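All remarks here apply to the structure that follows.
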Amino acid sequence: MDINENLAPDPASPLPEKDKKAAKKEKREYKDQLAVERTSLALDRTLLAMVRTATTFMTFGFALYKLLKEKAAEPGDHPIIQVFTPRLVALILFVTGLLGLVLQLYNVTLVRKRIQLYQEGFWRSPVVILTYVIIFMLLLLITGVLLGRA
C-alpha cells in the first residue's frame, strides 16, 4: 500500500457539489487577493515614477541654477536672465517637483484607503521612505535657494 494513496483524491469518484462550490469560492478569493496585490504594486510603481520625476526636476533645477548663475556672471546684457533669475528658475523647478511628489503620495494614500488596501505599515514601506528622503532633499534645496546669496 502506497503512503500517498490516502492523500490523493480518487479520480473515479466525483467531488460532492458542496466541495465544488467551496473550491470555486476559494479560487475566486485567491484571484481577488492577487488582484489586490497587483493593485498595491501598481500604486508603488506609480509613486516610484513620481519620485523619479521629482528627482529629475531637482536635478534640472540644480543644473539650470548653476548654468544661469555662470551666464549671469559673464559680461554683457542678458535680458532673459534678468527676468528668470537663476534663483527663480531653480525655485520653480524644486517647488514643482516637491508639490508633485507630495500630491502623488496623498493620491496613493487616498486610493489605498478607498480600496481598503491601506495598512498601518504603509508609512514605513521602502517606497514611502524613499519618498520622504526626496521630499527632505527638495526642502533642503528650496531652503538653500531662498536663503542663499544670489
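Numbers below:
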item	result
Amide proton proximity set for His78, modelled H, under 5 Å, gap of 5+	none
The chain, accessible surface, carbon-and-sulfur percent (1.4 angstrom probe)	65 percent
Table column - 3J(HN,Hα) (Hz), the range 123-137, Karplus curve with 6.51, -1.76, 1.60, x for Gly and Pro	6, 10, 6, x, 5, 6, 4, 4, 4, 4, 4, 5, 4, 4, 5
Karplus-derived 3J(HN,Hα), 6.51/-1.76/1.60, for each residue of the range 53-64, Hz, glycine and proline x	5, 5, 5, 5, 4, 4, 5, 4, x, 5, 5, 5
³J(HN,Hα), Karplus 6.51/-1.76/1.60, whole Hz, each residue of the range 78-83, x for Gly, Pro	10, x, 5, 5, 5, 7
Cα-based Lys proximity count in the chain, under 23 Å, for pairs eight or more positions apart or on separate chains	5
Among (i) 1.16; (ii) 1.06; (iii) 1.86, the entry that matches Cα Rg over 2.2 N^0.38 Å as calculated here	(iii)
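The values are calculated or read from the model by the stated rules, or taken from the named source; none is laboratory data. This structure is a prediction, so every number in the text was calculated from the model and none was measured. Heavy atoms of the whole protein, side chains included, go into the accessibility calculation; ligands, DNA and RNA do not. Shrake-Rupley method; radii C 1.70, N 1.55, O 1.52, S 1.80 Å.
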